[in-house]
Amino acid sequence: MPPRKRAAARQAEPPGVSSTKEIQDILWKAADKLRGSMDAAQYKEFVLGLVFLKYVSDAFAERRAELAADPERAEQRDEYTRQDVFWVPPTARWEHMAERVAGSAQGGVGLLLDDAMDEVMRANEALAGVLPKIFSRGNVDQNRLRELVGLIGDARFTGHGDRPAQDVLGEVYEYFLERFARAEGRRAGEFYTPASVVRLIVEVLEPYEGLVYDPACGSGGMFVQSARFVAERRGRDRSHDIAVYGQEANERTWRLAKMNLAIHGMDPQGVGERWADTFTEDQLPALKADFVMANPPFNMSDWARDPDDPRWKYGLPPRSNANFAWLQHIVSKLGDHGSAGVVLSNGTLTSEQNGEGAIRAALVDADLVACMVALPGNLFRTTAIPACLWFLTKDKTPHGAKGLTDRRGQVLFIDARSFGTMADRTERVLTDEDVARISDAYHAWRGTGSAKEKGLAYEDVPGFCRSATLEEIARHDHVLTPGRYVGTAQAVEDPDAEPLDRRLTRLTRQLFAQLDESARLDAVLRERLGEVTGDA
């Protein structure tokens, strides 16, 4: 069973305990201890692995203190796992381990940490093979590692009022993923999707219950945001109304996802027993999802294509680009009423090369495309490639008692290229208002319960959104660029503005006057030059 977040209230925060912001500062300072001796991708594993070890120790110690009045219960593993607390063997508990690290000889720090990681994994089946055992490698500066342990020891994940340790660590972990993504640049795209983009996908799909799948799950951001969405709308206990499943091809990133799910009280087994390529080793061949959310690698050229794969129902994707392979894989994973939100490059909207246009047309004609969203630039620090969102669905009918608007034969186009605000000189983020405007437009179009609660009724808005028929899309050669359909925004008429004919007459007079003055000045200039040169 997926672990559940602890709901028990905590005592008021004691003096000297780190706030979340202070924890973030402490841990980023800890990361700096290793910066320079290894690249960002490596020290991400070191720091996040140690942070996780510190968290499980803090949570274990907190639960142990609650059981202090009954020493016999305090030694029973079930008393911890029942409260979704990982069991930490005595020699792996942070205080004991940190004391041994402080007194260890040169070269012994890494071995102690690797042993602690191994003990925690052996004691908790859900963490088997997840935690990094990389601390005793020859390229690791053991003195810096000793300092790192000391700094992380200053961070406390418990004792923060009524906030569970899971919530505190979850916030810190997400902060770190974002900071490491910025540090790694383009390489970070394999594990991190901008938070505002993830939130937009989740707000549009509204995954209240059912099975959520991500075929290129990275560090698990789609899953975490889905659970948070349910908790915020229906309460924390209802966050387990969704089950998450995913796959990740990169070993390091797969480990991050496992830890991320565990930190947020979700089942780490959801992302498989090991990393694997979705195209060559689909670990969930029979899965049918209620929701699919994905940010697969853009324009991936080095992918393994099997021409006979049954997933290519709408056309054989080109070997040079996997964009339409991802889309067809996702369609193959949707249940009868399933929906999907997928981040892809803008090239998917118009490309005609290597049969991509035919695949796009087939997807549209099969009435699988529900909504297309053009995103603003600079959302992805890791790539300059413009991006869009594809929202797919297997069922545009009213869904019986749900009473949705029948949208068969229609596609909603949303142009959000002007949305967002610059977080810094290079990165744009979608604001809460941006996310709400886009998701509200979709829900009003679809007639969902949330739209009815807000009293939203759909209407086309020039320059922003428009519902187009499949026949109209066919007339545009199945090009799906939203700007082609939504048109331009209507100018707002100013009742005090000058009438057009009067303004034209006035501007014409001004122009003639300026031309006359230009001619006069030209004559004066010629006369003066003639006097200087003696040609007058």
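The values are calculated or read from the model by the stated rules, or taken from the named source; none is laboratory data. Nothing here was measured: the structure is a model prediction, and the numbers come from that model. With ideal geometry, Cβ positions are generated from the backbone for all residues, glycine too; neighbour counts draw on all protein chains shown. What goes into the accessible areas is simple: the full protein's heavy atoms, side chains included, and nothing from ligands, DNA or RNA. Shrake-Rupley method; radii C 1.70, N 1.55, O 1.52, S 1.80 Å.
With both residues required to sit in the chain, DSSP beta bridges show an antiparallel share near 55%.
Charge tally around Gly272: other residues with Cβ under 11 Å, Lys/Arg +1 each, Asp/Glu -1 each, net -2. Seen against the Cα atoms of the chain and their longest principal axis, helix 20-34 is set at about 80 degrees. Compared with the direct C-alpha span, the chain from Glu433 to Thr421 gains 3.2 nm at full extension, assuming 0.36 nm per residue. Loop exposure criterion: GluC sites (Glu not before Pro), DSSP state outside H, G, I, E and B, at most 15 other Cβ atoms within 10 Å. Applied to the chain, the longest stretch between such sites is 76-208. Exceedance of the 18 Å cut-off in Cα-Cα distance is limited, within the set Lys21/Lys258; Lys258/Lys394; Lys29/Lys54; Lys54/Lys258, to Lys21/Lys258; Lys258/Lys394. Can you tell which of Ala30, Thr193, Gly355 lies farthest toward the positive end of the dipole of the chain, using +1 and -1 charges on the Cβ of basic and acidic side chains (Lys, Arg; Asp, Glu)? Value computed over the given set: Ala30. Per residue, the accessible area of the chain comes to 46 Å² when a 1.4 Å probe rolls over the protein heavy atoms.
Seen from Ala243, the other residues with C-beta closer than 11 Å to its C-beta sum to a net charge of -4, counting Lys and Arg as +1 and Asp and Glu as -1.
In loop segments of region 499-536 as defined by DSSP, there are no trypsin sites (Lys or Arg not before Pro) with at most 13 further C-beta atoms inside 10 Å of their C-beta. Loop-located trypsin sites (Lys or Arg not before Pro) across region 265-341 with a Cβ neighbour count of 12 or fewer within 10 Å are Arg274, with loop assigned by DSSP. Kindly express, to the nearest 10 degrees and within the range 0 to 90, the angle between helix 40-66's C-alpha long axis and the longest C-alpha principal axis of the chain. Between the helix axis and the principal axis of the chain, the angle is about 50 degrees. Averaging Cα coordinates gives a centre for region 396-468 and one for region 81-142; these two points are 48 Å apart.
Remark: spin-label model distance Glu472-Arg77 equals 6.2 nm, labels positioned 7 Å along the Cα→Cβ axis.
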